[in-house]
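The values are calculated or read from the model by the stated rules, or taken from the named source; none is laboratory data. Note that the coordinates shown come from a computational prediction; the quantities given were computed from them, not determined experimentally. Reconstructed Cβ throughout: ideal geometry from the backbone, glycine too, with neighbour counts over all protein chains shown. To get the accessible areas, we keep the full protein, side chains included, count just its heavy atoms, and leave off ligands, DNA and RNA. Shrake-Rupley method; radii C 1.70, N 1.55, O 1.52, S 1.80 Å.
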Amino acid sequence: MKWKRTLKWSLLALLLLLFGWFQFAYWTSTNDCGRSIPPGAEIMKAIRFCEYGSPDVLKLEEIEKPVPKDNEVLVRVRAASLNSLEAVIIRDLWISRLVSGLRKPKVTRFGRDFAGVVEAVGKDVTEFKVGDEVFGVKWGAIAEYVCVLERRAIVLKPANISFEQAGAVGVAGLTALQGLRDAGKIHAGQKVLINGASGGVGTFALQIAKAFDTEITAVCSTRNVEMARTLGADHVIDYTKEDFTKREQRYDVLFDNVGNRSFSERRRILKPHGICVLAGIGSMGAYEDSLSRIAGTFTASLRSRFVDQKFERYITTFNKADLAFLRDLMAEGKLTPVVEKTYPLTETAEAVRRLQQGHARGKIVITLQ
């Protein structure tokens, strides 16, 4: 029949177009790694990755030092920290290639969290001055210098927090805050369970939940039990000895930073109308395992539309107001970033290798002088 032939040829044409687009996108996917530094330009050292692969693709190279625009702040970086997504994005995975470039990574700079000292400001900048100690979020943070828009994610560093601690805040702190406050709607008097309370996001979530005057149950391994108590947990469950989903206790909010439990198991420990905050992609383990957990967050969110409990997904946003909120908590002594280990800039690849092994306690930080 005529309509069948039309459909067949239309589908074939669509497949050919998709194939052509993929070939074009693949072979035109490139980056700035071969670009030379203009004569007379100032240079700086920065971590870059020009190919996908193991942490060994991360190289310390000399690149052009940025010059702040009228509305930008130039920061000399003193410390920068690692996050799970950054450790994933360098790997040779199809999801990395779809996000960052099919053949080569389009953006070659590395890292997002930073803390340092303002070295120069644009003529329109009014909030910061040279010599200010600051911290924030900006892609390409693992470098000697970074330029940040004044109105974006950059705030003054509290005096009682070191550069290493401030450099650990960015992504993890904002993820914990927005997950608990905005997605989880936490408030004083609630019972909150944090699954994965000892990692980068988890250590922030525990302390932030405490600052909101909630009763906290932390789930972590044996070696982190005492740390969780020190950070403010009212109750601690060692997951190597006990399955928290089999307890009789029910919670108003489950902040799930691991994603290793089924939809029904998580529902079981929630109160009626309780909220499960789906806060992460899980561990840095097997790629297939991470994919299944990512898929699980989407299906859980959809399935929760038909039950009285809610499973909330969210995307962390990097903004000045929430960074200022975290800064104030630190200044008041209610929030202290946990740094497991620091590495010099020259050992960034080794630091990423440690992060990819999983089970880091708090954050891993890169230090610069």
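Assorted remarks:
- Residue within segment 222-238 that is of a type in the set (Ser, Thr, Tyr), part of a loop (DSSP other than H, G, I, E, B) and closer than 18 Å to residue 362 by Cβ present: no
- Residue match in segment 138-145 (condition: at positive phi and within 15 Å of the chain's Cα centre (by Cα)): yes
- Tabulated pairs, segment 223-249, first among the acidic types (Asp, Glu), second open to solvent by 70 Å² or more (accessible area, probe 1.4 Å), C-beta under 9 angstrom, 6+ apart or interchain: 234/210; 238/222
- Selected residue [within 30 Å of residue 318 (Cβ to Cβ), at pLDDT 95 or above, of a type outside the set (Gly, Ala, Ser) and open to solvent by less than 10 Å² (accessible area, probe 1.4 Å)] from 254, 231: 254
- Selected residue (only one of 316, 342, 367, 348 is open to solvent by 40 Å² or more (accessible area, probe 1.4 Å) and within 28 Å of residue 149 (Cα to Cα)): 342
- Taken together, 149, 193 contain a single residue that is within 28 Å of residue 238 (Cβ to Cβ) and in contact with a strand residue (DSSP E or B) (Cβ under 8 Å, 6 or more places away or on another chain), which is 193.
- Looking only at segment 58-87, and only at residues there that are open to solvent by 30 Å² or more (accessible area, probe 1.4 Å) and of a type in the set (A, V, I, L, M), the one that is farthest from the chain's Cα centre (by Cα): 67
- Check on residue 203, in a helix (DSSP H, G or I) and open to solvent by less than 20 Å² (accessible area, probe 1.4 Å): yes
- First in segment 143-172 and more than 12 Å from residue 327 (Cα to Cα), second anywhere and among the β-branched types (Val, Ile, Thr) and part of a loop (DSSP other than H, G, I, E, B), Cβ under 7 Å, 6 or more apart: 150/125; 171/316
- Looking across segment 339-369, just one residue is free of Cβ contacts under 8 Å to residues at least 24 places away in the same chain and basic (Lys, Arg), and that is 354.
Yes or no, residue by residue, for (1) farther than 18 Å from residue 67 by Cα; (2) of a type in the set (Phe, Trp, Tyr):
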position	(1), (2)
108	yes, no
139	no, yes
144	no, no
167	yes, no
186	yes, no
